[in-house]
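The values are calculated or read from the model by the stated rules, or taken from the named source; none is laboratory data. Bear in mind the structure is a predicted one, so any value in this text is a computation, not a measurement. Here the Cβ positions follow ideal geometry from the backbone for every residue, glycine too, while neighbour counts run over all protein chains shown. The protein model used for the area step is the full one, side chains on, heavy atoms only, and it has no ligands, DNA or RNA in it. Shrake-Rupley method; radii C 1.70, N 1.55, O 1.52, S 1.80 Å.
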Amino acid sequence: MTQMTPAAARVIDPVLTEIARGYKNNQMVASALFPVVPVGQRGGKVISFGRESFKLYNTGRAPGGNVARITSAHSADSYALEEHAIAEQVPIELMEDAAAVPGIDLGRNAVARGQDVIALRLEKQAADLATTAATYDSANKATLAGATQWSHASSNPITAIEAAKEVIRGKIGRRPNTLVVGGAVFAALKTNPAVIARMVYTSREIATAEILAQLFGLDRVVVGDAVYDDGTSLVDVWGKFAILAYTETAGLADAGRPSYGYTYQLRNYPVVEQPYYDPNTRSWVYPIADSVKPVIAGADAGFLWTDAAA
């Protein structure tokens, strides 16, 4: 007898699954550095493209001559998707109470809370990956201290970011388009004297993320405000780091460009399995499953600042 796979055995609730796929927690910003790429299997190769597009080829040919050819080589490290699952338990007493109040859908709320739990774990994993200094070449990282920290009045994050942009452009041929900062770093940037001085030309009084993107010449500045409980207190997921990167937010649709990273996710995931009633706890249970893995495809497309704020 053929053994049934977990995927075949899983019974999906189509309505709640659509809710899960459409739900987004705006505090989670990992997708700015690691856009989602649907994949058809749980293991494979990380696509990491070379510099063939930047070479000078002899494209001239005489009548009847051979046409020059380009061979697109790329390295291919392995990835393995990680399985994640959580089940939200909703007591029947709460279901009965909610049924008497218009507009309360505890099933939908249970899915949202389950998604938040999985998303926070993925956010932390992506942040840990992006802020590991060993991942970067020595030219693509800096540890700030004292007067160089962006919280110090003498620092100039604008010139620091411009210098980092040139480092990235010199390695991948493209200027970075995204800056992800922790909440403390964002607070430092908003009050930095060099930033405030540059804002004179914007006719704006408050340095929002959108204004900072304009000042730095980037498509987006994204603030990682998510926190997690370490058992003692709430801790910023993105800490006091800043990551500048060139990232293809459309995933692999424009294949061949040396994007910083991707989040590989099994196609048609996440899924919400069929809710079931547990008589022992007199509760309805809503199981959610995802299969996903963030990866850095090209560390040369990124620049890391450690201790960007005091």
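Only a single item in (1) at pLDDT 95 or above; (2) farther than 26 Å from Gln125 by Cα; (3) of a type outside the set (S, T, N, Q); (4) in a loop (DSSP other than H, G, I, E, B) is not met by Ala194, and it is number (4). A search for C-beta distances below 7 Å between a residue of the range 125-143 that is more than 24 Å from Ser31 (Cβ to Cβ) and any residue that is open to solvent by 30 Å² or more (accessible area, probe 1.4 Å), counting only pairs 6+ apart in sequence or on different chains, returns Asp137/Asp300; Ala139/Val167; Thr143/Asp307. Is at least one residue of the range 222-232 touching a helix residue (DSSP H, G or I) at 6+ places or on another chain (Cβ under 9 Å) and of a type in the set (S, T, N, Q)? Looking through the range 222-232, none of the residues is touching a helix residue (DSSP H, G or I) at 6+ places or on another chain (Cβ under 9 Å) and of a type in the set (S, T, N, Q).
Would you check which residues across the range 177-191 are in a helix (DSSP H, G or I) and within 27 Å of Tyr136 (Cβ to Cβ) and list them? Answer for the range 177-191, where residues must be in a helix (DSSP H, G or I) and within 27 Å of Tyr136 (Cβ to Cβ): Gly183, Ala184, Val185, Phe186, Ala187, Ala188, Leu189, Lys190. For the range 130-148, a residue qualifies if it is open to solvent by less than 50 Å² (accessible area, probe 1.4 Å) and in a loop (DSSP other than H, G, I, E, B), and the qualifying residues are Thr131, Tyr136, Leu144. Tallying residues that are open to solvent by 20 Å² or more (accessible area, probe 1.4 Å) and of a type in the set (D, E, K, R) within the range 288-303 yields 2. Counting only residues that are crowded, with 21+ Cβ neighbours inside 10 Å and not polar (S, T, N, Q), the range 173-206 holds 10 of them.
Quick grid of which residues meet (1) at pLDDT below 85; (2) more than 21 Å from Ala226 (Cα to Cα):
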position: Gly65; (1), (2): yes, yes
position: Leu81; (1), (2): no, yes
position: Ala87; (1), (2): no, yes
position: Leu106; (1), (2): yes, yes
position: Gln125; (1), (2): no, no
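Taken over the range 258-310, the criterion of being small (Gly, Ala, Ser), at pLDDT 95 or above and part of a strand (DSSP E or B) is satisfied by Gly302 alone.
Every residue in the range 198-216 that is part of a helix (DSSP H, G or I) and among the hydrophobic types (A, V, I, L, M, F, W, C), please. Listed by number, the residues that qualify are Met199, Val200, Ala209, Ile211, Leu212, Ala213, Leu215, Phe216.
All of Thr263, Thr306, Thr249 fail the test of being of a type in the set (Ser, Thr, Tyr) and open to solvent by 40 Å² or more (accessible area, probe 1.4 Å), apart from Thr249.
For the residues Ser138, Ser75, the requirement of being closer than 30 Å to Gly224 by Cβ and either touching a His at 6+ places or on another chain (Cβ under 6 Å) or at pLDDT below 85 (or both) singles out Ser75. Can you find even one residue in the range 22-32 that is open to solvent by 40 Å² or more (accessible area, probe 1.4 Å), over 30 Å from Asn109 (Cβ atoms), at pLDDT below 80 and hydroxyl-bearing (Ser, Thr, Tyr)? Looking through the range 22-32, none of the residues is open to solvent by 40 Å² or more (accessible area, probe 1.4 Å), over 30 Å from Asn109 (Cβ atoms), at pLDDT below 80 and hydroxyl-bearing (Ser, Thr, Tyr).
Each residue in the range 152-176 was checked for being within 9 Å of Leu244 (Cβ to Cβ) and outside any helix (DSSP H, G or I), and 1 pass.
Determine whether Ala127 is open to solvent by less than 60 Å² (accessible area, probe 1.4 Å), among the hydrophobic types (A, V, I, L, M, F, W, C), within 23 Å of Val295 (Cβ to Cβ) and not in a loop (DSSP other than H, G, I, E, B). The answer is yes for Ala127.
Exactly one residue out of Ser155, Ser151 is under 18 Å from Val221 (Cα atoms) and either in contact with a Ser or Thr (Cβ under 7 Å, 6 or more places away or on another chain) or open to solvent by 50 Å² or more (accessible area, probe 1.4 Å) (or both): that is Ser151.
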